[in-house]
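Structure, as structure tokens:
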Amino acid sequence: VPGETEEVRRTHVAKVTGIYEIPHYEFELPEVHERNYIVQIAFPWINFGQQIPMLLTTVAGNISMGGKIKLMDLKFPQSFTEGFKGARYGIEGVREILHVPHRPLLNNMIKPCTGFPAKIGADLFYEVARGGADIIKDDELLADASFNTLEERVPLYMEAADRAEEETGEKTLFAVNITDRTPKVLENADRVIELGTNCIMINYLTAGISVLRALAEDPSITVPILAHMDFAGTMYESHYSGVASPIILGKLPRLAGADIIVFPAPYGKAPYLKERYMQTAKTMTYPFHGIAPVFPMPSGGIAQPMVEDVIKDLGYDVVIGAGGAIHAHPMGPAAGARAFRQAIDAVMSGQSLDDAAEEHEELAQSIEASLKAIKEMRDLMG
């Protein structure tokens, strides 16, 4: 068009910087129905500025509807990331709040997922907190519900946290789910902090990744932010289209300012490749210009016997997310949380979980329950 001058092209048009065929045929071209390419494109970020919505619109907007096209990665120059503040706390800050300098942290999501009043939730919170959970979060399905409102829930849960701390001497963060429409989600954040919560949670993909950034960069939000992954499968699960999981589950929420990011664990119920899981976790902790490293929180069917694998794969800078394995423990939720802590301590000391189970009834029963569940699942599948 006439307006596309040489100056416009020089300043604003993207440039193809690489085209790589996979597999990379060299001496013959076998009979194939489809050939696949990785295309590397450099975009001038002056076109969209230091923000995520127009970034995604530019690099994967209308073209995302063009068939088998998948966004594999995004690499940013420091000049771009300097426009983002990243996490206020990150790994170091969350550890400092909890006074836990080294070991893996334990998170519990209260179960059932939803449908219960705040008083019931507070009782469950107290049990899990006194069992040793460092962080307790709402399930992603419970936010400001009519049967369990933020005004009811936060004071009761924080009172339960204080009671548990008097018993154990350990602090517990309550990540309350503030997810809502805009601008109510921002109002919810201010409200729960006034009510006394010490952590907030947001379903960042349904609420909007820029809402996560707004929370992280708001000086009045003085507590850590836990970012939940729900809805991510609609974006990454196709092998041929969408956005690669390390971007949507790791790099972008870290850039936007999450302190803790929930993502699928391959040990439990999530169909997620181990190598993709490892790659995603690394995007949360590797050097990223001035953006602080944040806690990966694998979740989804994690039980006490899986602790060894989690720590082996991700190290000590991890939050282990557990729901049903705590609340369905044969001896109750406190014992379920205690069994996780016993497993963590065993791994850190080099002790096998079987040996630790001989010393701790809670861990022994959790291992037995897990083996029983595995057997029942195998029998079901024939």
When restricted to 372, 312, the only residue open to solvent by 60 Å² or more (accessible area, probe 1.4 Å), within 30 Å of residue 247 (Cα to Cα) and not acidic (Asp, Glu) is 312
Taking first residues from segment 164-180 that are farther than 11 Å from residue 154 by Cβ and second residues anywhere that are in a loop (DSSP other than H, G, I, E, B) and of a type in the set (Lys, Arg), the pairs with Cβ under 7 Å that are 6 or more apart or on different chains are 165/171
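Scan segment 255-263 and give yes if some residue there is among the small types (Gly, Ala, Ser), at pLDDT 95 or above and farther than 18 Å from residue 288 by Cβ, otherwise no.
Step one: filter segment 255-263 for residues among the small types (Gly, Ala, Ser), giving 256-258.
Applying the additional criterion that residues be at pLDDT 95 or above yields 256-258.
If we keep only those that are farther than 18 Å from residue 288 by Cβ too, we end up with none.
Looking for residues that are among the small types (Gly, Ala, Ser), at pLDDT 95 or above and farther than 18 Å from residue 288 by Cβ, one finds none in segment 255-263, hence no.
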Subset of segment 315-336, residues more than 16 Å from the chain's Cα centre (by Cα), open to solvent by less than 10 Å² (accessible area, probe 1.4 Å) and farther than 18 Å from residue 371 by Cα, comes to 334
Just one listed residue, out of 230, 180, is open to solvent by 20 Å² or more (accessible area, probe 1.4 Å) and within 18 Å of residue 254 (Cβ to Cβ), and it is 230
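Helices (runs of 4 or more DSSP H) wholly in segment 269-355 with at least 1 residues that are among the small types (Gly, Ala, Ser) - which ones? Walk me through how you get there before you give the answer.
On the way: elements: 274-285, 307-314, 324-327, 333-349.
Result: 274-285, 324-327, 333-349.
Filter segment 215-244 down to the residues that are touching a Gly at 6+ places or on another chain (Cβ under 9 Å), part of a helix (DSSP H, G or I) and without any contact (Cβ under 8 Å) to a residue 40 or more places away in the chain and list them by number. Steps first, answer last, please.
Residues of segment 215-244 touching a Gly at 6+ places or on another chain (Cβ under 9 Å): 215-217, 224-225, 227, 234-236, 240-241.
Retained after the next criterion (residues that are part of a helix (DSSP H, G or I)): 215-217, 234-236.
Matches in segment 215-244: 234, 235, 236.
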All conditions in (1) open to solvent by 60 Å² or more (accessible area, probe 1.4 Å); (2) among the hydrophobic types (A, V, I, L, M, F, W, C); (3) under 18 Å from the mean Cα position of the chain (by Cα) are true of residue 72 except (3)
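Evaluate segment 131-152: report whether one residue or more is assigned to a helix (DSSP H, G or I), small (Gly, Ala, Ser), in contact (Cβ under 8 Å) with a residue 60 or more places away in the chain and open to solvent by less than 10 Å² (accessible area, probe 1.4 Å).
Within segment 131-152 (the criterion being assigned to a helix (DSSP H, G or I), small (Gly, Ala, Ser), in contact (Cβ under 8 Å) with a residue 60 or more places away in the chain and open to solvent by less than 10 Å² (accessible area, probe 1.4 Å)), the answer is yes, since at least one residue qualifies.
Applying the selection to segment 1-22, what residues are assigned to a helix (DSSP H, G or I) and hydroxyl-bearing (Ser, Thr, Tyr)?
The initial filter retains those residues of segment 1-22 that are assigned to a helix (DSSP H, G or I), namely 6-12.
If the condition is that a residue be assigned to a helix (DSSP H, G or I) and hydroxyl-bearing (Ser, Thr, Tyr), then 11 is the only one that fits.
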Only one of (1) farther than 14 Å from residue 107 by Cα; (2) touching a residue at least 12 places away in the same chain (Cβ under 8 Å); (3) of a type in the set (Lys, Arg) does not apply to residue 338, and that is (1)
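Which members of segment 190-204 meet the condition of being open to solvent by less than 30 Å² (accessible area, probe 1.4 Å) and not in a loop (DSSP other than H, G, I, E, B)? Step through it out loud before you land on a result.
In the first step, residues of segment 190-204 are kept if they are open to solvent by less than 30 Å² (accessible area, probe 1.4 Å); the result is 192, 197-204.
Within segment 190-204, 192, 199, 200, 201, 202, 203, 204 qualify.
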Taking segment 34-88 and keeping only residues that are out of contact with any strand residue (DSSP E or B) (no Cβ under 8 Å at 6 or more places or on another chain) and of a type in the set (Phe, Trp, Tyr), one is left with 43, 45, 48, 76, 80, 84
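Just to verify a result, which residue in segment 28-56, among those that are under 18 Å from residue 83 (Cα atoms) and polar (S, T, N, Q), is farthest from the chain's Cα centre (by Cα)? Walk me through it before giving the result.
Of the residues in segment 28-56, the ones under 18 Å from residue 83 (Cα atoms) are 43-56.
Right, trim to polar (S, T, N, Q) and you get 47, 50-51.
Details: 47: 30, 50: 23, 51: 21 Å.
My answer is 47.
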If you check residue 171 against the conditions, is it open to solvent by 10 Å² or more (accessible area, probe 1.4 Å), among the basic types (Lys, Arg), at pLDDT 95 or above and over 20 Å from residue 333 (Cβ atoms)?
no
So the helices (runs of 4 or more DSSP H) completely within segment 35-120 holding 1 or more residues that are touching a Ser or Thr at 6+ places or on another chain (Cβ under 9 Å) and on the phi < 0 side of the Ramachandran plot are 53-60, 90-98
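The values are calculated or read from the model by the stated rules, or taken from the named source; none is laboratory data. Remember, predicted model here, so these are calculated numbers, not experimental data. Don't worry about glycine lacking a Cβ; one is built from the backbone with ideal geometry, like all the others, and counts go over all protein chains shown. The protein model used for the area step is the full one, side chains on, heavy atoms only, and it has no ligands, DNA or RNA in it. Shrake-Rupley method; radii C 1.70, N 1.55, O 1.52, S 1.80 Å.
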